[in-house]
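Q: Let me begin by handing over the structure; questions about it come next.
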Amino acid sequence: MEPLGRYFAEFDTLEFSLVIMFSHLLGNDNDQHDTAMAIFKRINNISTRIQILQDVVRARKMSKDVIEAIDAICEQCVSANARRNVYAHGVYECADDGRVRLKTFVMSAQRKQATEFASVKQLEHDIKIVQAILVLALVWVGKVPFDAIKPSIETLRRKT
(Lines give C-alpha, C1' and ligand atoms only; values in the text may rest on other atoms or scores of the structure.)
Protein backbone atom coordinates (compact mmCIF):
# COMPACT_ATOMS: atom_id res chain seq x y z
CA MET A 1 0.00 0.00 0.00
CA GLU A 2 2.96 2.34 0.48
CA PRO A 3 3.36 2.99 -3.27
CA LEU A 4 -0.32 3.98 -3.47
CA GLY A 5 0.07 6.40 -0.57
CA ARG A 6 3.05 8.09 -2.21
CA TYR A 7 1.16 8.07 -5.50
CA PHE A 8 -1.82 9.92 -4.06
CA ALA A 9 0.41 12.38 -2.20
CA GLU A 10 2.25 13.34 -5.39
CA PHE A 11 -0.92 14.55 -7.08
CA ASP A 12 -0.89 17.60 -4.81
CA THR A 13 2.41 18.40 -6.51
CA LEU A 14 0.67 18.23 -9.89
CA GLU A 15 -2.06 20.64 -8.82
CA PHE A 16 0.51 23.01 -7.28
CA SER A 17 2.61 22.93 -10.45
CA LEU A 18 -0.38 23.70 -12.66
CA VAL A 19 -1.20 26.76 -10.54
CA ILE A 20 2.41 27.98 -10.75
CA MET A 21 2.44 27.61 -14.52
CA PHE A 22 -1.00 29.10 -15.07
CA SER A 23 -0.27 32.09 -12.80
CA HIS A 24 2.95 32.71 -14.73
CA LEU A 25 0.97 32.68 -17.99
CA LEU A 26 -1.33 35.34 -16.53
CA GLY A 27 1.63 37.64 -15.85
CA ASN A 28 4.62 38.15 -13.59
CA ASP A 29 2.70 39.98 -10.88
CA ASN A 30 2.45 38.12 -7.55
CA ASP A 31 -1.32 38.72 -7.54
CA GLN A 32 -1.63 36.38 -10.52
CA HIS A 33 -1.13 33.40 -8.21
CA ASP A 34 -4.33 34.34 -6.38
CA THR A 35 -6.10 34.76 -9.71
CA ALA A 36 -4.93 31.33 -10.91
CA MET A 37 -6.08 29.77 -7.61
CA ALA A 38 -9.49 31.44 -7.91
CA ILE A 39 -9.93 30.08 -11.44
CA PHE A 40 -8.66 26.58 -10.68
CA LYS A 41 -10.81 26.29 -7.54
CA ARG A 42 -13.82 26.23 -9.86
CA ILE A 43 -12.32 23.57 -12.15
CA ASN A 44 -12.19 20.29 -10.26
CA ASN A 45 -11.08 18.06 -13.12
CA ILE A 46 -7.28 17.90 -13.33
CA SER A 47 -7.37 16.81 -16.97
CA THR A 48 -9.40 19.92 -17.81
CA ARG A 49 -6.86 22.09 -15.97
CA ILE A 50 -4.08 20.50 -18.01
CA GLN A 51 -5.96 21.09 -21.27
CA ILE A 52 -6.54 24.74 -20.33
CA LEU A 53 -2.83 25.14 -19.64
CA GLN A 54 -1.96 23.63 -23.03
CA ASP A 55 -4.49 25.89 -24.80
CA VAL A 56 -3.17 29.02 -23.10
CA VAL A 57 0.42 28.09 -24.01
CA ARG A 58 -0.63 27.88 -27.66
CA ALA A 59 -2.63 31.12 -27.45
CA ARG A 60 0.45 32.87 -26.06
CA LYS A 61 2.43 31.59 -29.08
CA MET A 62 5.25 30.25 -26.93
CA SER A 63 8.33 28.67 -28.47
CA LYS A 64 8.14 25.29 -30.14
CA ASP A 65 10.45 23.81 -27.47
CA VAL A 66 8.13 24.96 -24.67
CA ILE A 67 5.00 23.70 -26.45
CA GLU A 68 6.60 20.30 -27.10
CA ALA A 69 7.81 20.06 -23.50
CA ILE A 70 4.37 20.93 -22.17
CA ASP A 71 2.68 18.44 -24.51
CA ALA A 72 5.09 15.61 -23.66
CA ILE A 73 4.59 16.00 -19.93
CA CYS A 74 0.90 16.92 -19.99
CA GLU A 75 -0.17 13.93 -22.09
CA GLN A 76 1.46 11.60 -19.59
CA CYS A 77 0.01 13.56 -16.65
CA VAL A 78 -3.50 13.05 -18.06
CA SER A 79 -2.85 9.29 -18.32
CA ALA A 80 -1.38 9.17 -14.81
CA ASN A 81 -4.38 11.07 -13.48
CA ALA A 82 -6.76 8.60 -15.14
CA ARG A 83 -4.94 5.75 -13.37
CA ARG A 84 -5.06 7.72 -10.11
CA ASN A 85 -8.82 8.11 -10.46
CA VAL A 86 -9.27 4.35 -10.79
CA TYR A 87 -7.55 3.85 -7.45
CA ALA A 88 -9.00 6.90 -5.71
CA HIS A 89 -12.60 6.13 -6.65
CA GLY A 90 -12.48 2.35 -6.37
CA VAL A 91 -13.99 0.31 -3.59
CA TYR A 92 -11.52 -1.60 -1.43
CA GLU A 93 -12.58 -4.77 0.32
CA CYS A 94 -10.81 -7.25 2.53
CA ALA A 95 -11.05 -10.90 1.56
CA ASP A 96 -11.39 -13.69 4.11
CA ASP A 97 -7.73 -14.55 3.63
CA GLY A 98 -6.67 -10.99 4.55
CA ARG A 99 -5.80 -9.81 1.07
CA VAL A 100 -7.09 -6.42 0.00
CA ARG A 101 -8.94 -6.29 -3.32
CA LEU A 102 -9.93 -3.30 -5.35
CA LYS A 103 -13.14 -3.10 -7.34
CA THR A 104 -12.68 -0.27 -9.77
CA PHE A 105 -15.39 2.07 -10.87
CA VAL A 106 -14.87 4.60 -13.62
CA MET A 107 -16.95 7.74 -13.25
CA SER A 108 -17.45 8.36 -16.96
CA ALA A 109 -20.03 6.34 -18.87
CA GLN A 110 -17.80 6.63 -21.95
CA ARG A 111 -15.07 4.47 -20.40
CA LYS A 112 -15.20 0.77 -19.72
CA GLN A 113 -14.59 -0.51 -16.23
CA ALA A 114 -10.87 -0.93 -15.66
CA THR A 115 -9.72 -4.54 -15.47
CA GLU A 116 -5.95 -4.16 -15.11
CA PHE A 117 -4.11 -2.74 -12.17
CA ALA A 118 -1.02 -0.60 -12.48
CA SER A 119 2.23 -2.20 -11.38
CA VAL A 120 4.45 -0.59 -8.77
CA LYS A 121 6.79 0.25 -11.66
CA GLN A 122 3.93 2.09 -13.44
CA LEU A 123 3.03 3.98 -10.26
CA GLU A 124 6.66 5.03 -9.80
CA HIS A 125 6.79 6.18 -13.44
CA ASP A 126 3.65 8.25 -12.88
CA ILE A 127 5.20 9.82 -9.78
CA LYS A 128 8.21 10.82 -11.91
CA ILE A 129 5.88 12.37 -14.49
CA VAL A 130 4.12 14.40 -11.81
CA GLN A 131 7.49 15.52 -10.45
CA ALA A 132 8.61 16.41 -13.99
CA ILE A 133 5.80 18.93 -14.34
CA LEU A 134 7.00 20.60 -11.13
CA VAL A 135 10.48 20.88 -12.63
CA LEU A 136 8.96 22.31 -15.80
CA ALA A 137 7.08 24.85 -13.67
CA LEU A 138 10.38 25.85 -12.05
CA VAL A 139 11.96 26.21 -15.49
CA TRP A 140 9.04 28.33 -16.56
CA VAL A 141 9.43 30.81 -13.71
CA GLY A 142 13.19 31.01 -14.23
CA LYS A 143 14.42 28.91 -11.30
CA VAL A 144 15.95 26.16 -13.50
CA PRO A 145 17.49 26.62 -16.99
CA PHE A 146 15.48 24.97 -19.79
CA ASP A 147 18.60 23.36 -21.27
CA ALA A 148 19.02 21.39 -18.04
CA ILE A 149 15.79 19.45 -18.65
CA LYS A 150 15.97 18.96 -22.43
CA PRO A 151 17.34 15.37 -22.16
CA SER A 152 14.44 14.43 -19.86
CA ILE A 153 11.92 15.98 -22.26
CA GLU A 154 13.40 13.95 -25.13
CA THR A 155 12.97 10.77 -23.07
CA LEU A 156 9.35 11.65 -22.36
CA ARG A 157 8.66 12.34 -26.04
CA ARG A 158 9.91 8.88 -26.98
CA LYS A 159 7.54 7.30 -24.44
CA THR A 160 4.40 9.09 -25.67
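The values are calculated or read from the model by the stated rules, or taken from the named source; none is laboratory data. Bear in mind that the values here come from a model prediction, so they are computed numbers and not experimental data. Glycine gets a Cβ as well: all are built from the backbone with ideal geometry, and neighbour counts include every protein chain shown. These accessible areas exclude ligands, DNA and RNA; they are computed on the full protein's heavy atoms, side chains included. Shrake-Rupley method; radii C 1.70, N 1.55, O 1.52, S 1.80 Å.
Q: Given a Förster radius of 25 Å and the C-beta distance between Asp97 and Phe8 as r, what FRET efficiency does 1/(1 + (r/R0)^6) yield to the nearest 0.05?
A: Efficiency at R0 = 25 Å is approximately 0.45.
Q: Taking a probe of 1.4 Å, how large is the accessible area per residue of region 9-87, in Å²?
A: The answer is 51 Å² per residue.
Q: Related question: Between Ala59 and Val144, how high is the FRET efficiency from 1/(1 + (r/R0)^6) when r is the Cβ-Cβ distance and R₀ = 35 Å? Nearest 0.05.
A: Calculated transfer efficiency: 0.90.
Q: Still on this structure, please answer the following. Give me the mean projected area, in nm² to one decimal, of the convex hull enclosing the Cα positions of region 1-63.
A: 5.1
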